[in-house]
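Derivation of every value follows stated rules applied to the coordinates shown; laboratory data play no part. Since we're looking at a predicted model, the values are computed, not measured. All Cβ positions, glycine included, derive from the backbone under ideal geometry; neighbour counts span all protein chains shown.
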Amino acid sequence: MTLEECAADVLGPGCHTAQFTTRSFIRLGGDSLRAMRLVALAQERLGARIQPGALLCDTSLADVLHRAVPAADGPPRAPAPADATIMVGAVGDGDDPVSHTQRGMWLAEQVTGGSPYNLVFLAFAESPLNAAALAEAVGAAVARHDGLRTVFLERDDSVIRHVLHHYTPHLATLEHDGPVAEFRE
């Protein structure tokens, strides 16, 4: 069986492999559930890894299947984080298998390309802010709580929980000289 045959099997009898070069998985009738089924089928039958998020974008299915990683080449590398300073410490000691819930959360992040579980907020300072003191306070809080230093990594056909040994916060400063109401918009 080939990846193309797996994709055709998942997409159903109305799908023809000749369309794979010009249409995306979604335009061929795929959805997130079918994408996860294709990922699992490719892994199970062929040992190939397909990035779930790639199936849900507008790239032709032929290109997505062409970029699949054969098992002999090892697992695909996770994309580098925007702030690479958080990825310090070696993977090894302290690595734990994940729960079914954590694996589900990890899969959701792989499909969507981001995390629906991160809380993002904006705080306003009406007086001068000591950025160094804030960075130190954030770093100290993260150092006390290993859950804030936890990342999930793909290794040997599974997902593991890894606690980073160190975290260096990266703070971005945005200055606005106008009214507060304009800044919020």
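Which of the peptides 133-145, 28-40 is most tightly packed, and how do the rest follow, judged by the mean count of other Cβ atoms within 10 Å per residue? If you can, show how the numbers build up before the last one.
On the way: 133-145: 12.5, 28-40: 17.3.
The peptides rank, most packed first, as 28-40, 133-145.
With an 8 Å cut-off on Cα pairs and a minimum separation of 6 or more residues, tell me the relative contact order of the stretch 84-184 in percent.
40
5 Å is the cut-off here: which amide hydrogens, built 1.01 Å from N in the peptide plane, fall below it relative to Ser24, excluding neighbours closer than 5 in sequence?
Distant-sequence amide H within range of Ser24: Leu61.
Leu164's amide H: which non-local residues (gap 5+, or another chain) put their own amide H closer than 5 Å, with H modeled 1.01 Å from N in plane and none for Pro or chain starts?
Thr150, Val151
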